[in-house]
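Quick notes on the structure that follows.
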Amino acid sequence: LDFVTPTPLGTTWGLGGTCVNVGCIPKKLMHCTSLLGKNLADARNFGWKYGEEVKHSWKDMITAVQSHITALNWNYRVQLREKA
């Protein structure tokens, strides 16, 4: 899933480059999301009580990941301006 429209000039990301915007960080957040689902399944064996039905929303996950990336970009911008 590419969030940037390709052009003959190439693609550009926000501050932080490829790793922060479409690489390492989003991948890690999605991986952690999958681990949360597995941990919820295992939690009952360790005394956790919760409803029988656990649902995951891909749309909500994507929104949360994008919000996190946006916050990182903003913080980088603020830090750069403070150092200027």
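Structure above, values below:
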item	result
The stretch 62-84 residues that are in contact (Cβ under 8 Å) with a residue 12 or more places away in the chain and under 14 Å from Lys28 (Cα atoms), paired with ones that are of a type in the set (S, T, N, Q) and in a helix (DSSP H, G or I) (beta carbon under 9 Å, 6 or more apart)	Ala64/Thr33; Val65/Thr33; Ile69/Asn21
Test: Asn45 is more than 30 Å from Trp13 (Cβ to Cβ) and exposed (fewer than 11 other Cβ atoms within 10 Å of the Cβ)	yes
Residue within the stretch 48-60 that is of a type in the set (Lys, Arg), loosely packed, with under 10 Cβ neighbours inside 10 Å, assigned to a helix (DSSP H, G or I) and at pLDDT 85 or above present	yes
Residue in the stretch 22-53 that is farthest from the chain's Cα centre (by Cα), counting only those that are closer than 23 Å to Ala64 by Cα and among the basic types (Lys, Arg)	Lys38
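The values are calculated or read from the model by the stated rules, or taken from the named source; none is laboratory data. Since we're looking at a predicted model, the values are computed, not measured. Every residue, glycine as well, gets a Cβ built from its backbone with ideal geometry; the counts of neighbours run over all protein chains shown.
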